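Participant: Here's a structure for you.
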Amino acid sequence: MRTQVVIIGSGPSGLLLGQLLTNAGIDNVVLDRVSQDYILGRIRAGVLEEGMCQLLDQSGAGARMHREGLPHDGFELTFSGRRHRIDLHGLTGGKRVMVYGQTEVTKDLMDHRAATGGVSIYEAENVAPHDFDGASPYVTYEKDGKTHRIDCDFIAGCDGYHGVSRKSVADKGLEEFERVYPFGWLGIVSEVPPVSHELIYANHERGFALCSMRSTTRSRYYVQCALDDRVDNWSDDAFWDELRRRLPAEAAEKVTTGPSIEKSIAPLRSFVAEPMRFGRLFLVGDAAHIVPPTGAKGLNLAASDVHYLFEGLQEFYGEKSNAAIDAYSQRALARVWKAERFSWWMTNTMHRFPETGRFGQRMQEAELDYLSQSEAASRSLAENYVGLPY
Ligand code: APR
Ligand code: PHB
């Protein structure tokens, strides 16, 4: 088989890039090692920046997001028993975010790819990129007991943090930067109305909590937990009690509890791999970087990577120029590092760090108190949360 771009990974990065390429008449094939159902079974965060929404519209898969997504003009910070609303819309000259599950984004992109004739190969085993240092790269994979080869011009490594693409360049000058946080997030999904129409990020001396949602009838909640904590240590009642302890009283009283339909613990890390381009192989999305979910930047960074790479590939095939693909890594990393900083700052400000003790808690409360009284500080938070320009 031959195509112009092989995309390894059928998550949001790979599917969004694949659809933009298809729409531009650039032939591509998406490979994934698991099934579509497995991919759609993953519970993921759900805050989309306007740039991501625009790319989803540009791909042609944005209709359901506009029908079912929830536009949000602000969110709340709670600390020291107080509540402070960050007026995203007012502080950023009219920008907002869209609350719409990333699993839904993935499903919409999968459905649109199928409807527009995109070639996707699932349950492809031992996918491996080859000869990407030269001008004739290719990818091999195994399926149905046979080894297959796809010759191409470019390979997009959209295969996430545990994928093969970054591993394939580990000895080619790759440099990695990482911070692993000393706690995790215990998250549940419950078919109950959210406690508030906007998200609530809670700083509390017992630990961080987040009140989010998937719809007006389905809520997503998180509490900070120990790294070695286990889901079966937490009954639903224990979760609800801990969540309410970490919220101001008037919010805690309004929490509607119910049975969890999903309950899991996720670790938090900041991670960046540099550079993001190796000859004809590009690292995209989680394959190149991970952010702690506190700033809701994971999918949104994948979107800006896709934007830069799509521009580069369009220019290569359209104007026969390498300029934009040569600039991909530098352009993507400039935005990645600013989002890493914001996610790191928000994680450090909102979570309890045992090693910093009560002084550290007071520093966090002072920073949040300052932020609640400074329009400049709130504007800085708001412009990072809605997403910095591409
Ligand atoms: N071969 C083929 N496919 C692979 C391989 C491999 N060796 N390794 C991983 N994959 C596939 C996974 O099965 C997965 O479907 O690559 C895909 C990677 O998808 P994500 O992990 O979702 O990464 P990405 O698309 O970059 O997502 C960016 O969106 O889903 C959110 O929070 C998530 O921050 C992330 C963001
Ligand atoms: C979510 O809805 O899962 C969510 C929202 C905002 C975050 C993280 C997760 O910062």
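Participant: Do any chymotrypsin sites (Phe, Trp or Tyr not before Pro) in region 161-190 lie in a DSSP loop with no more than 12 other beta carbon atoms within 10 Å, and if so, which?
Facilitator: In loop regions of region 161-190 (DSSP not H, G, I, E or B), there are no sparsely surrounded chymotrypsin sites (Phe, Trp or Tyr not before Pro).
Participant: Using the Karplus equation 6.51 cos²θ - 1.76 cosθ + 1.60 (θ = phi - 60°), what ³J(HN,Hα) coupling, rounded to whole Hz, does each residue of region 204-219 give in order, writing x for Gly and Pro?
Facilitator: 3J(HN,Hα) across region 204-219, in whole Hz: 8, 5, 7, x, 6, 9, 9, 10, 10, 7, 10, 6, 7, 10, 10, 10.
Participant: Calculate what fraction, in whole %, of the accessible area of the chain sits on carbon and sulfur atoms when a 1.4 Å probe is rolled over the protein chains.
Facilitator: On the chain, the fraction of accessible area on carbon and sulfur atoms equals 49 percent.
Participant: Which lysines, on any chain, are close to residue 143 with Cα under 26 Å apart, when same-chain ones fewer than 8 places away are left out?
Facilitator: Residue 143 reaches 107, 167.
Participant: Which semi-axis lengths, in whole Å and largest first, follow from the square roots of five times the eigenvalues of the Cα gyration tensor of region 1-44?
Facilitator: Sorted largest first and rounded, they come to 21, 12, 6 Å.
Participant: For region 1-119, what D do you get in µm² per second when you plug the Kirkwood radius from alpha-carbon pairs into Stokes-Einstein at 37 °C and 0.692 mPa s?
Facilitator: Approximately 208 µm²/s, per Stokes-Einstein.
Participant: If you don't mind, another one. Setting aside same-chain residues fewer than 8 positions from residue 320, which lysines have a Cα under 29 Å from its Cα?
Facilitator: Partners found: 172.
Participant: Taking N as the number of residues in region 246-390, what is its Cα Rg relative to 2.2 N^0.38 Å?
Facilitator: Relative to the 2.2 N^0.38 Å estimate, region 246-390 comes out at 1.34.
Participant: Label residue 66 and residue 320 with points 7 Å out from Cα along Cα→Cβ: what is the distance between them in nm?
Facilitator: If labels sit at residue 66 and residue 320, their model points lie 3.9 nm apart.
Participant: Let me ask something else. Assuming 0.36 nm per residue, please report the length gained on full extension of the stretch residue 114 to residue 249 beyond their Cα-Cα distance.
Facilitator: Residue separation times 0.36 nm, minus the Cα-Cα distance, leaves 43.7 nm.
Participant: Related question: So how much accessible area does residue 257 have, in Å² to the nearest 10, using a 1.4 Å probe?
Facilitator: Number for this one is 60 Å².
Participant: I'd like the projected area of the chain, averaged over all directions, using the convex hull of its alpha carbons. Report it in nm² with one decimal.
Facilitator: Convex hull of Cα atoms, orientation-averaged projection: 19.4 nm².
Participant: Please figure out what share of the DSSP beta bridges in the chain is antiparallel and state it in percent, rounded to the nearest 5.
Facilitator: Within the chain, antiparallel bridges account for around 75 percent of the total.
Participant: In nanometres, what is the gap between the two model label sites at residue 24 and residue 151, each 7 Å from Cα along Cα-to-Cβ?
Facilitator: Distance between the two pseudo-spin positions: 2.4 nm.
Participant: Run the numbers for residue 171 and residue 379: contour at 0.36 nm per residue of separation, minus the present Cα-Cα distance, in nm.
Facilitator: Full extension from residue 171 to residue 379 adds 70.7 nm.
Participant: Taking H as built 1.01 Å from N, whose amide H comes closer than 5 Å to the amide H of residue 47, not counting residues under 5 places away?
Facilitator: 100
Participant: Another question about this same structure. Pull up all non-local amide H partners of residue 277: gap of 5 or more, or a different chain, and H-to-H distance under 5 Å with H placed in the peptide plane.
Facilitator: Close amide H contacts, sequence-distant or interchain: 283.
Participant: On to the next question. Scan around residue 127 for amide H atoms under 5 Å from its own, H built in the peptide plane at 1.01 Å from N, and keep only partners 5 or more places away or cross-chain.
Facilitator: So residue 127 has HN proximity to 142.
Participant: Right, something else. Just the number please: accessible area per residue for region 1-127, 1.4 Å probe, all protein chains included, in Å².
Facilitator: For region 1-127, the solvent-accessible area averages 40 Å² per residue.
Participant: If you take the square roots of the eigenvalues of the alpha-carbon gyration tensor of region 90-179 and sort them as a ≥ b ≥ c, do you get rounded (a/c under 1.5), prolate (a/b over b/c) or oblate?
Facilitator: oblate
Participant: Nearest 10 degrees, 0 to 90: what angle lies between the long axis of helix 357-373 and the longest principal axis of the chain (Cα atoms)?
Facilitator: On a 0 to 90 degree scale, this one is about 80.
Participant: Short version: ³J(HN,Hα) in whole Hz for each residue of region 5-20, in order, from phi by Karplus 6.51 cos²θ - 1.76 cosθ + 1.60 (θ = phi - 60°), x for Gly and Pro, what are they?
Facilitator: Each residue of region 5-20 in turn: 10, 9, 10, 8, x, 10, x, x, 4, x, 6, 5, 4, x, 6, 4 Hz.
The values are calculated or read from the model by the stated rules, or taken from the named source; none is laboratory data. This one's a predicted model, so the numbers in the text were calculated from it and none came from an experiment. Virtual Cβ from ideal backbone geometry, glycine too; neighbours counted across all protein chains shown. We work out accessible area using only protein heavy atoms, side chains counted, and drop any ligands, DNA or RNA first. Shrake-Rupley method; radii C 1.70, N 1.55, O 1.52, S 1.80 Å.
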